[in-house]
Amino acid sequence: MDARFNMFDNEIAMKFAKRFANAGLLIQQSPLPKATQELVSLRASQINGCGYCIDMHTKEAVAAGESAVRLNLVVAWRESTVFTEAEQAALALAEEGTRLADAHQGVSDETWAQVRKHYDDDQVAALVALVALINAANRLAVIVHQRGGSYQPGMYAAASG
């Protein structure tokens, strides 16, 4: 299946992409650990079936030194021993924030309490913004059938400049 529309070959889409990348840069520069950012982005992308974003965040995580074991276990993080309690709280927030339609309350009080236990206000702000941003990115890529496989680490760093 080919992409339905080239979001990188349209003036309006490129203007939007630049602003979107700037929002992502703000999160990247936040005190939220880089590993947590990539794990959260990967988990939301897995849930949403976004091959492009799974490709991107797996490769970015590897480039940042993430292990293959942890990346392979993100999909089953509850049944693994390789994630810290803080990462587990972030992954739970990513799942519940991504699957809003699956639960009437959205993010549970239990998950929220765990997030607040492990992250300060700036990290919480970045984490909530990240969950929103990755879900938007997933939707953009899935709608136009942007496929995974061609991403190279650091590919969009210049787009936010």
- request: Mind giving me the nanometre distance, one decimal, between the label points for residue 26 and residue 8, set 7 Å out from Cα along Cα→Cβ?
  value: 2.5 nm
- prompt: List the lysines whose alpha-carbon lies under 29 Å from that of residue 59, not counting same-chain residues fewer than 8 positions away?
  reply: 15, 18, 34
query: Does the stretch 25-107 come out rounded, prolate or oblate, given a ≥ b ≥ c as the square roots of the eigenvalues of its C-alpha gyration tensor, rounded meaning a/c under 1.5 and, failing that, prolate meaning a/b above b/c?
result: rounded
message: With a 1.4 Å probe and all protein chains kept in place, how much accessible area does residue 112 have, in Å² rounded to the nearest 10?
response: 100 Å²
- request: Could you state the accessible area per residue of the chain in Å², with a 1.4 Å probe and every protein chain left in place?
  value: 55 Å²
- prompt: Of 35, 12, 45, which is farthest on the positive side of the dipole of the stretch 1-49, counting Cα position, with +1 on Lys and Arg Cβ, -1 on Asp and Glu Cβ, and the Cα centre as origin?
  reply: 35
field: Accessible-area composition of the stretch 1-69, carbon plus sulfur, in percent [1.4 Å probe]
entry: 60 percent
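The values are calculated or read from the model by the stated rules, or taken from the named source; none is laboratory data. Since the structure is predicted, the reported quantities are computational estimates derived from the model, not experimental observations. Here Cβ is always computed from backbone atoms with ideal geometry, including for glycine, and neighbour counts include all displayed protein chains. We work out accessible area using only protein heavy atoms, side chains counted, and drop any ligands, DNA or RNA first. Shrake-Rupley method; radii C 1.70, N 1.55, O 1.52, S 1.80 Å.
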